[in-house]
Structure formats: C-alpha cells, structure tokens
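K.L.:
Can you keep this structure in mind? I'll have questions shortly.
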Amino acid sequence: MVGILHLSVIFLIQGLLPGINSERLGEQMYSSIAGTTCFRRLNATHQTGCSSKEGGSVGVLYFIENQQDFGFLLDSPTSPPYAPVIPPELFTRENLLKLKSAAKNISVVVLINKIDKLTNFTHQLQCPNQYSGLNGTQGTCDVSRPETVWNPQGTGLMHEDFPFPIHYIADPLEIEKIRKCFKKFNDFEYENHPWRSLCSIEVQSFMSAAGNSEICNRRSNFINNLSPVRYCDPLEGKNIYATLFPRPQTVERVETTEKLILVTCRLDSTSMFDETGLGAKDSLVSYITLLNVAHMLAKVLPKNNGINKNVMFVVFNGESYDYIGSQRFVYEMQKHNFPYVHTRTNPLSFENIDFMIDLGVLDDFDNLDVYTLTDVPQIQEFLAKLKSIGKQFGLTVNGKKTVNLPPTSAQSFLREQESFPVGILSSKPSNAFYHSIYDDAVNLMNFTYANKSLDFTSLMSNDLALSYFNETDVQMKIRNVATVLAITLYETLTLKPFKGDEFVNPILIDEVLYCFLESQNCPLLKSTLRSSKGVVLPPIPPPRYVSVANGLREATIWTYRIMGLLVSQKMKDIEKDNCTVPPLNWYSGYSGDGECRLTTQNMTHARSPAFDIEDYDWKSGRYSTWTESTWQQISARIFLRPSKTQEVTTLTIGIVVLILSFALIFLIRNGSDVLFNEELSRTENTVSEVAC
C-alpha cells in the first residue's frame, strides 16, 4: 500500500513538472573544461605519469601567481584538497615535487597556457634514452659533466610518477572561465574557506595500469573468458623507408654484393601531455631535411646509370622511448627478415650497409658536427666532401670522435656492432623546449607560412629561392643543410662533382612545416591523395606521438604518401585504371590532375622485440619495454563544492527526514486498522450486496 502511494506521488510530480530532468540539472551544476591531461606510461622497472582516482579527483581551485603562493598549499591549507592552477614558468621540478610530497593537500594540478614569462620548458631527462644506447646500463651521458648532457635544461618530470592528475588547459577562454570562478568564490577570506561554497575542478583520467610493464603485460595476458581486460598496450607504430632506385624483385638470400647507404631520422616526438608534442626543433627539422635530400636526389638521379650503390631513406618511429623503431629494424635485419617477404626483394644485413648517416637535432643550422665512435674510412671521406660543399652554403662542419654520442637511432646499430660505419649529423643542443608542448612554430625561428602558389615538386635555383625568402628564414636554413647533404651524397654515388644550378626547393620545406605544425589541410598532403577534388583535411597538425596498436597514425600515413610522391619517378602514358598495383601508385600531384608514379616506399613494424620474444627477461635492458596505460575517459569540469556547513546540514536533514519517515511509516502500519477501518467496511458492504 505504501509503495503504491509512493509511486503515485512520483508519477504526479513527473506529470506536473515535465521539464525537470537530471541532465539539465547536471548542466547547471557543472561546466566542462576543454583540455588534455598527463597519462601513465610504464617500462620494465617503474611507472611514470599520473592518474586520477577511479571516480575522478576533485580539488578547490587556487591560482598560483608567484613562488610565494605555494606556501599556502604546503603549510596550512584551510579547506583541502586543493587544485593549484600553475603558469608554465612555475611548473618546475622543484615545485612539482613539493606538491607531490604534500599529496594529502593536493588532488589535482592544472597547468595553463601562459608563455609571457617562459624561457624554458622541457620535462625530458637531461640524458634522453640514457640506458638504451651503446653502453647499456652505464649510459653515455653524465649529468655531473655538463659537456656530455644532451638536454641541459631537462627536468625529468616526464619520468616521475604523480599521485594526482595534471590537466593542461590551452584555450584562453577556458582559462578565463576558471579564473572568474576562482575570483568570485575563492579568492578572499581564505580562513573562512571551510564555511563557504568554493569553486572546484573535477578531473577524470583514471589509468588502469600500475606497477611496471612486466606486471601490466602479465595481467593483460591473463585469460579470462568472462571479462577480457587490457590494462596497458606496448608503444608501437610503423617505420617508413624508401630506396632511391628500385631494388631487384627477388626473394632469395642476402646478397652481400648489394651495397646501400642508409640515411635515417626519426618521425616521432612526445610530451608530458596527450597529443600535444609537435616536436618542431626536436625531430621535425631533421625529418624535413631527409625528405628534401631524398627528393633532390630523385630529381637529379632518376636512374642508377653506372652507379653501384643505392640509398635507403628510413624514418624510424618510437625513438623517443628507447629507440623502439630502430631496435626493431636492427632485430629484423639480424634475422634476415628485412625487408618483409611480400616486397619480393632480397633480405638485407649489416654487410649490405656501406655506411649510415643519421640525422640528429639541428638546433644550429650554421654549425654542424659529424659524430663517430671509431675511425671509419667511408665516414671520413664523406665528412671531407661535406666540409667542402658546406662552405659554399655558409655551413661549418666538424668531425667529432667520441663515446658521448647524441641520443639518435645510430645507438641501436652501434650497440650491436661497435665497428658499424655510422656518422651522426647533429649540432650542439640548444632547444629549451625539447619534448614539450611549446616546441612549435614559434620555437622554430618563429616560422611563418609563405603560402606561395608554386610547384613544390620541382627544384629551385638559389637566385629564385632568395626572391621568395630571406637568407635568415628557417626555410632557407633547412634548404642549405639539405642541399649540402644531397650534393655530398650525389658525389659519393657518382664519383663526379655536382654541376647543377638547382637545389632543394624552400617552397617544399615551407609546405611540410605548415602541414606538420599548423594544418593537414595543405596543398602538399592533398597532392599525395589519389584524388584531391573537394577533399577537406583536418585543420590541425597530425600528432606524431608513436602511440599504440590502434591503427596507423596520421603522421605515419602522410609520411608514407609523401615518400611515395617525392622519392619516385613519374610514369608517362599510364592511366589511373592501370596504375593500381604497387610499385605503381596513383597520386593527385601538384596540379591535381593525377599522375602514375613508380614508387619504392614501404613500411616495417616499429614494435619492441621484447613483446614478441617468448620468456623475455624484462630486467635485462636489452630492448625497449615501454607501454601505455589504458583508460576509460578523460574529462574535466568545474562546479561549486558545498561548504562543510552545507554538507553537515544536508547530512543532518537527510538523517532527520529518514528517521521521521521510518517513524511515520511505523505509526501508519501499526494504526492501519483504525485509519482504514471505515473504507474496509464500505468495501465489505458493497461485496455483500452484489452477492445477494
């Protein structure tokens, strides 16, 4: 009876107030905040990054304006837990570790985009990939010796484990929203915070993985037919490679008489926050240099007439995490499993590599070094040519023989064979925003898109290039490095001096920079499609974080397509319908009319061998063991957290109402024979009359 009455009241309220629903009430209570968050990664020994509580982490907003403001949070916060809102210049290792030590008072950290006082922001280690290179667990970088350090201003925060989420907000409108909320409700009478409603933020970014990669991998592989769950996934992607000339189409054995020159760089970048690392100076410059070297050589050497060497251009993926891509490349080459069988070409081994040129960071375009571990005749000869040609373009090139080699892909080759013939073309590191959210177009000499409607697939003379750009523009600086490297390779291959008057095209460099730093909706990427008519690509740059095995990343796809367009030969008199089977591929081209090209590009797996070797020793340090935690959702929203008084009052009223309800029901139930006696009599009389 009581249950029926309760249902009747509920239906009556719903009928009278149809506009009331929980969704609208929730919208009034909460205001979503756009942003991204730090997430958890793991390796064989520990976990890094951050995670919210499983149901979300809540903290009272507190804006940090200067160093002294941290004192309130660390000494005597009046209504913890708090969520400090920190500008990037105060987002330092010292401050974050202080907050970590006071985790009982801190539940969320918010980083806002405010660069007016920013001079450096890099949270990678000072010695990136320190223990995965040539000397293994000893490392080749010593922080006690500044001259050996490759990231001098690195804080190492990317390799710390935080007990609270760190949320990054870039949108000025969102920053202003939380600032207004803070000023209106929080920024006064701090001693009365426990007795007032306070503007708070809730961040949901719970990470499923914990411990290290070995533990997480074992948990993920545990067979549970009722509820299969993955807690983490290996970091992996694809390496992209292309040869200057097509290789013989056979599948037999390693043919040691075939010789190649390897020219390599890395594709990926990273940062502390999800999908925010553009890596402009970190890796994009060397990536663009390689593309343009390959393009120029494909133009000036369309055929291998009388040339007894080929050039293979390789873009490694996952190098930011202990050289995932190059480790896999070397592993497969040692097993004679590269290239893959489906390419119908001979497998390659170390014996096929005449020498390797690995492109590191190019922070200083005018002063470059070629690092070597041992005296390699091929590299010394190459260096001599590089020095001579460099002078013509204003470049100073020096040779450096040392065990303190830059953290590049060459480390994976030298770790297997110290005598491997490799030279690392790099410069003195000076990137104050290495592996961070601020390594962007502004950091790259304040890059500005020239937006010239010119053919970027052709070469360009020096005089014509200077009519579009100044000598100090980043497009020209990269052009000079790429041109010097291309001419040096040309003379190494042909054994003849280069006599051409057209070089790397700065318009092509301009295009790649724009496509990868500002928008994918650019002429270059559209020209790599089979058809570009009416196509509108995303107006954002493609993320270049290696990520996990959930499909090809945009940057990988574009690299594959760009390689196919730039390192190939145009085939005449072949229609689109007949240009469908590789190595023939159809491209829209600069004109958009379409063209058939004979391509040589392909992909290989960039996944650490550690995840494919049965009973791998996780503590050996042999291969990269990085994994990424899985998560359900990432969100943030602000709301008014009730005061302690309100919470106590609400709880008290609820308890009183609950007690009164039970008492009332008890009285009604015990007095039901009296309360409902008259109604029961009428019912009985009615039944009797009907029966008669």
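K.L.:
If amide H atoms are built 1.01 Å from N in the plane of the peptide, which residues on other chains or at least 5 residues away come under 5 Å of the amide H of Asp369?
P.N.:
So Asp369 has HN proximity to Asn398, Ser426, Ser427.
K.L.:
Whole number please: convex hull volume per residue of the Cα set in the range 177-331, in Å³?
P.N.:
Convex hull volume per residue, Cα atoms: 245 Å³.
K.L.:
I'd like the orientation of helix 506-517 relative to the chain: the angle between its Cα long axis and the longest Cα principal axis, in ° from 0 to 90, rounded to 10.
P.N.:
The answer is roughly 20 degrees.
K.L.:
Right, something else. Order the peptides 402-412, 252-262, 588-598, 159-169 from the highest to the lowest mean number of other Cβ atoms within 10 Å of their residues.
P.N.:
402-412, 159-169, 588-598, 252-262
K.L.:
If you count, for each residue, the other Cβ atoms within 10 Å and average over each peptide, how do 206-213, 632-639 line up from highest to lowest?
P.N.:
206-213, 632-639
K.L.:
Can you give the FRET efficiency to the nearest 0.05 for Asn398 and Asp615, using r as the Cβ-Cβ distance and R₀ = 51 Å?
P.N.:
0.65
K.L.:
If I model a spin label as a point 7 Å beyond the Cα along the Cα-Cβ vector, how far apart are those points for Val143 and Val674 in nm?
P.N.:
Spacing of the two 7 Å Cα→Cβ label points: 8.1 nm.
K.L.:
Given a 1.4 Å probe, how much area per residue of the chain is accessible, in Å²?
P.N.:
With the other protein chains kept in place, the chain gives 46 Å² per residue.
K.L.:
Turning to a different aspect of this structure: Give the dimensionless ratio obtained when the Cα radius of gyration of the range 235-569 is divided by 2.2 N^0.38 Å.
P.N.:
Dividing the Cα Rg of the range 235-569 by 2.2 N^0.38 Å gives 0.93.
K.L.:
One-quarter of the Cα convex hull surface for the range 313-432, in nm²?
P.N.:
If I average the Cα hull's projected area over directions, I get 8.4 nm².
K.L.:
Could you sort Glu518, Glu54 by their accessible area in this structure, using a 1.4 Å probe and putting the largest first?
P.N.:
Values: Glu518 70, Glu54 150 Å².
Most to least solvent-accessible, the answer reads Glu54, Glu518.
K.L.:
Quick one: putting +1 on the C-beta of Lys and Arg, -1 on the C-beta of Asp and Glu, what dipole do you get for the range 235-569 around its Cα centre, in Debye to the nearest 20?
P.N.:
About 840 debye.
K.L.:
Still on this model: Over all alpha-carbon pairs of the range 392-502, lay out the pair-distance distribution in 10 Å bins, whole %, shortest bin first.
P.N.:
Spelled out per bin, shortest first, that is 10, 31, 34, 22, 3.
K.L.:
Pairs Lys114/Lys281; Lys452/Lys570; Lys281/Lys533; Lys281/Lys401; Lys299/Lys385; Lys309/Lys576: which are spaced more than 26 Å apart, C-alpha to C-alpha?
P.N.:
Values: Lys114/Lys281 21 Å; Lys452/Lys570 24 Å; Lys281/Lys533 33 Å; Lys281/Lys401 24 Å; Lys299/Lys385 21 Å; Lys309/Lys576 32 Å.
Beyond 26 Å between Cα atoms: Lys281/Lys533; Lys309/Lys576.
K.L.:
Can you work out the Karplus-derived ³J(HN,Hα) for every residue in the range 345-356? Use 6.51 cos²θ - 1.76 cosθ + 1.60 with θ = phi - 60°, whole Hz, and x for glycine or proline.
P.N.:
Along the range 345-356, the couplings run 10, 4, x, 10, 9, 4, 5, 7, 8, 5, 6, 10 Hz.
K.L.:
A further question on this structure: Per residue of the range 628-641, in order, report the coupling 6.51 cos²θ - 1.76 cosθ + 1.60 (Karplus, θ = phi - 60°) as ³J(HN,Hα) in whole Hz, putting x for Gly and Pro.
P.N.:
10, 5, 8, 8, 8, 7, 10, 7, 8, 7, 10, 6, 8, 7
K.L.:
Okay, next question. Could you tell me the calculated FRET efficiency between Ile653 and Asp161, based on Cβ-Cβ distance and R0 = 45 angstrom, to the nearest 0.05? Walk me through the intermediate numbers first.
P.N.:
Details: r = 42 Å, r/R0 = 0.93.
For Ile653 and Asp161, the calculated efficiency is 0.60.
K.L.:
Would you mind listing how long the chain runs along its three principal axes, going by Cα atoms, in whole Å with the largest first?
P.N.:
119, 70, 56
K.L.:
Any chance you could look up the accessible area of Trp558 with a 1.4 Å probe, heavy atoms only, rounded to 10 Å²?
P.N.:
The value for Trp558 is about 20 Å².
K.L.:
Expressed as an acute angle from 0 to 90° and rounded to the nearest 10, what is the orientation of the C-alpha long axis of helix 474-494 relative to the principal long axis of the chain?
P.N.:
Its long axis makes an angle of about 40 degrees.
K.L.:
What distance in nm lies between label points placed 7 Å from Cα along the C-beta direction at Leu584 and Arg230?
P.N.:
The answer from the label model is 3.8 nm.
K.L.:
Separation between the His46 and Asp364 pseudo-spin-labels, each 7 Å from Cα along Cα→Cβ, expressed in nm?
P.N.:
3.3 nm
K.L.:
Suppose we keep just the DSSP beta bridges with both residues in the chain; what percent of those would be antiparallel, to 5? Don't jump to the answer; show the numbers that get you there.
P.N.:
Numbers: 47 of 83 bridges.
Of the beta bridges lying entirely in the chain, close to 55 percent run antiparallel.
K.L.:
Only four residue types carry charge here, +1 at the Cβ of Lys and Arg and -1 at the Cβ of Asp and Glu. Report the dipole size of the range 223-325 about the Cα centre in Debye, rounded to the nearest 20.
P.N.:
So the dipole magnitude of the range 223-325 works out to roughly 600 debye.
K.L.:
Quick one: of Lys104/Lys180; Lys400/Lys428; Lys391/Lys499; Lys303/Lys572, which pairs are farther than 22 Å apart, Cα to Cα?
P.N.:
Details: Lys104/Lys180 26 Å; Lys400/Lys428 12 Å; Lys391/Lys499 16 Å; Lys303/Lys572 15 Å.
Too far apart for the 22 Å limit: Lys104/Lys180.
K.L.:
Here's something else I'd like to know. Ignoring any ligand, DNA or RNA, what whole percent of the accessible area of the chain comes from carbon and sulfur when the probe is 1.4 angstrom? Walk me through the numbers on the way to the answer.
P.N.:
On the way: 17240 of 31840 Å².
Answer for the chain is 54 percent, counting heavy atoms of protein chains only.
K.L.:
At q = 0.13, 0.19, 0.20 Å⁻¹, what is the base-10 log of I(q)/I(0) for the range 121-215 according to the Debye formula with one equal point scatterer per Cα and no solvent? Please give it to two decimals.
P.N.:
-0.76, -1.02, -1.07
K.L.:
Any idea which of Leu348, Ala384, Asn292 is furthest toward the positive side of the dipole for the range 235-569, if Lys and Arg beta-carbons carry +1 and Asp and Glu beta-carbons -1?
P.N.:
Of Leu348, Ala384, Asn292, it is Leu348.
K.L.:
Taking amide H positions as placed in the peptide plane 1.01 Å from N, state which residues far from Met571 in sequence (5 or more) or on other chains have amide H under 5 Å from it.
P.N.:
Residues meeting the criterion, in which the H sits 1.01 Å from N, are Cys596, Arg597, Leu598.
K.L.:
To test your reading of the geometry: what angle, between 0 and 90 degrees and rounded to tens, separates the Cα axis of helix 377-392 from the longest principal axis of the chain?
P.N.:
On a 0 to 90 degree scale, this one is about 90.
K.L.:
Assign unit charges at the C-beta atoms only (+1 for Lys and Arg, -1 for Asp and Glu), then state the dipole size of the chain relative to its Cα centre in Debye, rounded to the nearest 20.
P.N.:
880 debye
K.L.:
Okay, moving on. Run the numbers for Glu351 and Asn304: contour at 0.36 nm per residue of separation, minus the present Cα-Cα distance, in nm.
P.N.:
Contour length minus Cα-Cα distance gives 14.8 nm.
K.L.:
Dipole of the range 235-569 (Lys/Arg Cβ +1, Asp/Glu Cβ -1, origin at the Cα centre): which of Gln411, Asn337, Leu368 lies farthest to the positive side?
P.N.:
Of Gln411, Asn337, Leu368, it is Asn337.
The values are calculated or read from the model by the stated rules, or taken from the named source; none is laboratory data. Predicted model only: the values in this text are computed from it and were never measured. Counting neighbours? That spans all protein chains shown, and the Cβs are built from the backbone with ideal geometry, glycine included. Remember, those area values only see protein heavy atoms, side chains included, never the ligands or the DNA or RNA. Shrake-Rupley method; radii C 1.70, N 1.55, O 1.52, S 1.80 Å.
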